[in-house]
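The following block contains the structure, expressed as structure tokens.
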Amino acid sequence: MNTLRARRWLLSVVTLAAVLALTAAWWLGGIALRPVAKYSGELLVLLLLLLALFNVRKKLPFLPLGSATAWLQFHIYAGWLSVALFLLHAGPQWPRSALGFALWLVFLSVAASGAFGLWLSRWLPPRLTRSGESLVYERIPRLRHQLEDEAGNLVRQAETEAASSTLADFHRQVLAPYFARTPTLFSPLAEDDAAHHRAGHELASLRRYLSEREMLIADQLAELLEAKRNLDAQYAGQRLLKLWLFVHLPLTYGLLVLVAAHVWLVLHYSHRF
Amino acid sequence: MAQNPSRSPHNFGSQPPQGVAPRREAAPERWDKPFSAEMTDQDVDRVLEHPQFSSLQHTRFPSANPLRGIIKNDAAIRRFQQGEIVVRQGDYGNSAFLILRGGALVCLQEPSGDQLGRRQRVRPSLWGSFRRWLRQPRYGEVWSQRGSTVSPAAGAPRIFLQDAPGVLGPDRTIRLGAGELFGELAALGRTPRTATIVAEAETEMLEIRWQGLRDIRKFSAEWRQLIDQRFRERSLLSHLRETPLLRHLPAETLQLIADATRFEAFGEFEWQHTYQRAREASDRERLEKEPLIARQDDPAAGLLLIRTGFARLSCRYNHGERTESYLGKGETFGLEELFATWRGTPTPLRHNLRALGYVDTLFIPAAVLEDHVFPLLPPDQLARLERAGLATGSTIPWQSSTTTNAFLEFIVAQRFINGRATMLIDLDRCTRCDDCVRACADTHDNNPRFIRHGPESGGVQVASACLHCVDPVCMIGCPTGAIHRAGLEGQVEINPETCIGCSVCAQSCPYGTIQMVALRDEDGLPVIAEDTGAPIRRATKCDLCIDQPAGPACVSACPHDALIRADMREVEALNRWLQR
């Protein structure tokens with residue numbers, strides 16, 4: 001078994017054991033009439049704060065605070081543990097207050113967005129690798145314009161040299177919109193490259209109308225199409241890999257605020273009984 | 001599948017212009033740019049009258065490469081002032097020095113870094129790191145006052161030994177007088193200078209760049225004898241003693257082997273200049289251009305020890321040649337075959353050995369090994385060689401699964417094997433979050449020192465970050481020694497206080513990992529030179545976070561375990577990472 005898989009197994013087993021231990025403690029504590037809700041709440045707050053510290057670690061790379069890999073592994077498995085603890089703490093019933101409902105909803109949203117991000121960060125990178133040359137995200141808009149220009153120049157060259165409008169017409173109707181488009185947000189999930197295949201197919205079927213000189217230019221256009229496909233895949237994939245954090249992080253800050261309110265309310269009203 | 005950005009199906013912006021006639025220029029010649037434009041015919045005459053040159057037979061030099069031409073174009077007369085540093089221990093140089101007048105002092109003890117004009121490195125405390133982060137400038141690479149060790153007034157920058165009287169006491173130095181030659185071993189072997197040498201008083205020296213030195217050695221038996229003799233006296237014995245096979249031998253046997261050892265060099269000394277062309281060539285063309293040091297199936301005539309550089313170990317595979325591994329400094333070739341032959345089973349060489357760039361080798365004849373080494377082998381080495389002889393397969397540590405073999409072919413072809421801290425990114429795990437780039441910028445004054453982009457093979461990217469090479473060709477030619485090895489671990493660092501922005505290192509780096517960055521003032525405006533009006537630039541590159549308490553920030557900032565800084569000589573560790 002390779003080291004990454006072994007690590008995943010080990011940490012999963014440890015987390016599962018911790019979940020079982022917590023469940024058993026909850027059940028036994030309930031029988032013994034111990035304040036299990038208080039204990040589980042305190043543990044949950046501690047866990048949430050530790051989970052949130054991962055982002056602080058990222059902002060301070062110059063301090064010897066341990067590797068980000070170790071932090072992420074803790075973040076993942078402590079995250080799963082906190083979900084189990086939250087379910088124990090909240091109980092099977094529907095929340096009765098507005099704050100409780102908000103807390104419930106936001107906690108599960110944070111957990112769901114985290115789980116989605118984890119899945120995405122394991123599922124998408126190998127697909128980007130197989131798509132073609134890895135590109136720097138910030139450079140992609142410039143490269144897209146460059147491709148558009150190159151395609152336009154090639155078509156103008158074909159028009160002048162071959163005195164034919166076949167490629168120019170095709171460029172106006174199909175290529176120009178294709179080179180100008182940006183992929184949709186979730187296109188990496190759908191593995192959607194239909195537009196690329198359509199443009200490629202139409203370019204291939206156009207060959208019957210082309211001269212030999214135009215054929216050579218069509219070959220270069222086909223290369224540009226392939227480059228645009230990879231460029232779209234890299235852009236859409238990298239964008240999605242960045243954007244999920246823009247959901248996860250604000251929700252996390254919201255959760256911390258709601259948790260603080262919940263803790264204050266609990267402490268405030270617990271003194272009255 | 002190896003992917004090089006310059007060879008990808010579509011290379012952005014690299015289409016040659018259509019219908020433009022090629023420009024015609026005279027082919028560049030070696031002496032188009034002499035070492036010094038100030039070398040006059042009178043100077044050449046004076047040098048040729050020096051005892052070291054007057055006895056040389058000019059007729060031994062070919063007409064295309066006369067001794068006079070070598071002195072005129074490959075040498076320069078340098079005048080040093082008292083206390084001026086001629087060479088510094090640990091620096092890489094491409095020239096040797098002959099003292100014409102005056103004297104020089106060899107420091108027996110290495111002076112401290114600030115005495116040599118080197119930046120002192122102090123690992124900051126946690127609070128120090130935090131404070132530096134808070135105070136980092138808004139703009140990358142902000143101009144600061146330079147140190148006082150560089151004197152820009154005298155044309156070429158000069159570096160003086162600080163506190164010279166304290167460092168240069170009579171019991172702390174060895175004096176070299178007029179007529180003495182030094183620096184030739186470091187120049188020809190591309191090894192670091194082994195001592196710091198300072199001008200004793202006003203001193204005149206002839207500096208000969210390595211090309212001239214190589215030719216003089218080639219065509220003059222006297223110089224060849226002199227240089228080889230010096231190598232035998234100063235370096236060879238210690239090199240042989242460090243070789244595991246010979247370590248156990250008594251001193252007199254080692255001397256006997258040293259006397260029989262031949263020096264051989266293969267490939268281009270300044271291979272970085274042709275590297276880009278070699279990268280763009282097809283695999284077959286590239287292989288054909290690599291000088292063959294030893295041929296598969298030939299009888300093993302002797303043992304080859306790699307002294308400097310790298311060699312490709314390959315064998316025929318159907319219609320091609322399959323790379324099996326690579327050899328670097330201190331490794332041997334042909335040992336198993338020689339041993340098997342000595343044991344009575346004549347065994348030809350199992351592999352080809354080809355020079356990657358420049359390789360300097362030592363050749364120990366088979367007869368010497370058979371008479372003086374094999375009979376005295378310790379039991380553990382004997383057992384290992386017996387096992388290697390019995391094994392039908394390779395004893396090379398590189399695993400030959402399909403993936404790693406493609407990766408091996410890639411790193412050898414692109415010569416990334418030169419790296420001691422090559423940045424490898426596992427693209428199947430990298431989420432392109434750029435936490436590594438941000439961490440680098442946060443620890444380097446807002447200017448990240450690498451680009452997360454580079455050639456790829458089998459889902460592994462070699463990012464454009466300094467490799468901290470075993471053979472750092474970037475150091476050759478740095479006029480101030482600003483780029484230097486920072487410590488025993490071999491990190492290559494640029495001292496911003498002595499960097500004059502000449503860009504020699506950036507042009508020499510075969511991997512393009514050194515960036516020339518325009519300096520800015522505190523308001524973000526470019527700083528320009530008073531005399532020329534050109535922006536003042538500085539060379540910047542990865543320093544492996546040598547002054548960070550947490551080590552390389554890029555590695556520790558990667559949350560996905562996707563990035564490592566790999567020492568390419570540690571093949572087994574590299575294999576483990578690839579197979580994880």
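Coordinate-derived values only; no laboratory data. Just so it is clear, the structure is predicted and the values come from calculations on it, not from any experiment. Glycine gets a Cβ as well: all are built from the backbone with ideal geometry, and neighbour counts include every protein chain shown.
Given all pairs of different Cα atoms, what value in angstroms does the Kirkwood hydrodynamic radius of segment A:216-273 take?
Numbers: mean 1/r = 0.0636 Å⁻¹.
Computed over Cα pairs of segment A:216-273, the Kirkwood hydrodynamic radius comes out at 15.7 Å.
Okay, moving on. Could you run the Debye sum over the Cα atoms of segment A:137-238, one equal point scatterer each and no solvent, and tell me log10 of I(q)/I(0) at q = 0.15, 0.22, 0.24 Å⁻¹, two decimals?
-0.58, -1.11, -1.27
In whole Hz and in residue order, list the ³J(HN,Hα) couplings for segment B:543-558 that follow from phi through the Karplus curve 6.51 cos²θ - 1.76 cosθ + 1.60, θ = phi - 60°; x for Gly and Pro.
For segment B:543-558, the Karplus-derived couplings read 10, 6, 6, 4, 10, 9, x, 9, x, x, 5, 4, 5, 6, 8, 7 Hz, x marking Gly and Pro.
Can you tell me which lysines have their Cα less than 24 Å from the Cα of B:Lys289? Leave out same-chain residues fewer than eight positions away.
Partners found: B:Lys218, B:Lys329.
Run the reach check for A:Lys228 against lysines, Cα to Cα strictly under 25 Å, same-chain hits fewer than 8 apart removed. What comes back?
A:Lys242
In Å, what Rg and Dmax follow from the Cα atoms of chain A?
For chain A, the Cα radius of gyration and maximum Cα-Cα distance read 27.4, 92 Å.
Which of B:Trp31, B:Trp210 comes first, and how do the rest follow, when ranked by fewest Cβ neighbours within 10 Å? Each step should come with its number before you reach the end.
Numbers: B:Trp31 13, B:Trp210 22.
If I rank by nearby Cβ atoms, fewest first, I get B:Trp31, B:Trp210.
Using a Gaussian network model on chain A with a 10 Å cutoff between Cα atoms, which of A:Thr166, A:Thr23, A:Thr69 fluctuates the most?
Ranking A:Thr166, A:Thr23, A:Thr69 by mean-square fluctuation puts A:Thr69 first.
Within a 10 angstrom radius of the beta carbon, how do B:Ile425, B:Ile174 rank from fewest other beta carbons to most? Write out the running numbers ahead of the final one.
Details: B:Ile425 26, B:Ile174 11.
Neighbour counts put them in this order, fewest first: B:Ile174, B:Ile425.
Here is a follow-up. Quick one: which of B:441-451, B:237-247, B:351-361 comes out on top by average Cβ neighbours within 10 Å, and what's the full order, highest first? Walk me through the numbers before you get to the answer.
Working: B:441-451: 19.5, B:237-247: 15.5, B:351-361: 24.4.
My ranking of the peptides, most packed first, is B:351-361, B:441-451, B:237-247.
Kindly put A:His268, A:His262, B:His319 in sequence by how many other C-beta atoms sit within 10 Å of each C-beta, fewest to most.
Details: A:His268 9, A:His262 17, B:His319 6.
The most exposed by this proxy come first: B:His319, A:His268, A:His262.
Express the Stokes-Einstein translational diffusion coefficient of segment B:415-579 in µm² s⁻¹, to the nearest whole number, given a Kirkwood radius over alpha-carbon pairs, 10 °C and a viscosity of 1.306 mPa s. It would help to have the intermediate numbers written out before the result.
On the way: Rh = 16.7 Å.
For the chosen part, D equals 95 µm²/s.
Kirkwood hydrodynamic radius (Cα pairs, Å) of the protein assembly as shown?
31.9 Å
Specify the inter-centroid distance of segment B:263-278 and segment B:524-580, based on alpha-carbon positions, in whole Å.
Between the Cα centres of segment B:263-278 and segment B:524-580 lies a distance of 26 Å.
Post the alpha-carbon centroid distance, segment A:195-257 to segment A:1-74, in whole angstrom.
The distance from the Cα centre of segment A:195-257 to that of segment A:1-74 comes to 40 Å.
Averaged across B:559-566, how many Cβ atoms of other chains sit within 10 Å of each residue's Cβ atom?
Details: counts 13, 6, 9, 2, 1, 0, 0, 0.
Partner Cβ neighbours, averaged per residue: 4.
For segment B:243-396, how big is Rg over Rh, using alpha carbon atoms and the Kirkwood form of Rh? Kindly include the intermediate steps, with their values, before the conclusion.
On the way: Rg = 16.3 Å, Rh = 16.5 Å.
So for segment B:243-396, dividing Rg by the Kirkwood Rh gives 0.99.
Shifting gears a bit: Under the classification rounded if a/c is under 1.5, otherwise prolate if a/b is larger than b/c and oblate if not, where does segment B:172-214 fall, given a ≥ b ≥ c as square roots of the Cα gyration tensor eigenvalues?
Working: a/c = 2.55, a/b = 1.43, b/c = 1.78.
Here segment B:172-214 falls in the oblate category.
To the nearest whole number, what is the average tally of beta carbon atoms from other chains within 10 Å of the beta carbons of peptide A:135-148?
Values: counts 4, 6, 4, 1, 3, 0, 0, 1, 3, 0, 0, 2, 2, 0.
The mean count of partner-chain Cβ atoms within 10 Å per residue comes to 2.
Using only Cα atoms, locate the centre of segment B:223-248 and the centre of segment A:87-113, then give the distance between them in Å, rounded to an integer.
76 Å
Average partner chain C-beta neighbours within 10 Å, per residue of B:546-556? Numbers along the way, then the final one.
Details: counts 0, 0, 4, 3, 8, 2, 0, 3, 1, 3, 12.
Per residue, the number of nearby Cβ atoms from other chains is 3 on average.
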